[in-house]
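Engineer: Attaching a single structure in structure tokens format; questions to follow.
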Amino acid sequence: MASCKECLYGDVCFTVLDNMQCQHFKDRSRFVEVSCKVGDRVYYIANVNGKDKINSAVVQKVTIHFENKVGYDCGIGEIGFSNHSIGKRVFLTKEQAEQALAKQNRPDNTPQ
């Protein structure tokens, strides 16, 4: 029998049941948290004509892969990414992408 600790709502639910399954029980291990959703705009650094610039794309599709790995597709050939790429080559805000580009363009890559 599953316990409240294993329930998605376990931290906020006040139902206490002994030896019974709560009607609102949702197994926490079956849920995956995604970093962005369909329709969100993401930003990435692209090399265009020998110069790095920030481009953006809209997430078209979110998929769950083996072992709950999340994949995102923006409908543009080169822009498919996973949760592991966020903050490295794909950014959730333009400001984050600008900071990464500035760091990338510093000759010695040291913080300012």
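The values are calculated or read from the model by the stated rules, or taken from the named source; none is laboratory data. What you see is a predicted model, and the numbers here were worked out from it, not measured in a lab. Glycine also receives a Cβ, built like all others from the backbone with ideal geometry; neighbour counts cover every protein chain displayed.
Engineer: For Asn109, all conditions in the list (1) modelled with pLDDT under 85; (2) out of contact with any helix residue (DSSP H, G or I) (no Cβ under 8 Å at 6 or more places or on another chain) hold save one; what is the number of the exception?
Structural biologist: Of everything listed in (1) modelled with pLDDT under 85; (2) out of contact with any helix residue (DSSP H, G or I) (no Cβ under 8 Å at 6 or more places or on another chain), Asn109 misses just condition (2).
Engineer: Within the range 34-93, how many residues are among the charged types (D, E, K, R) and buried (at least 17 other Cβ atoms within 10 Å of the Cβ)?
Structural biologist: 0
Engineer: Against the conditions (1) on the phi > 0 side of the Ramachandran plot; (2) over 17 Å from the mean Cα position of the chain (by Cα), where does Gly39 fall short? Just the number, please.
Structural biologist: (2)
Engineer: Can you name the residue in the range 11-36 that is modelled with pLDDT of 75 or more and of a type in the set (S, T, N, Q) and, of all such residues, is farthest from the chain's Cα centre (by Cα)?
Structural biologist: Selected residue: Gln23.
Engineer: I've got another one for you. I'd like the residue in the range 49-71 that is polar (S, T, N, Q) and assigned to a loop (DSSP other than H, G, I, E, B) and, out of all such residues, is farthest from Lys37 (Cα to Cα).
Structural biologist: Going through the qualifying residues, I end up with Asn49.
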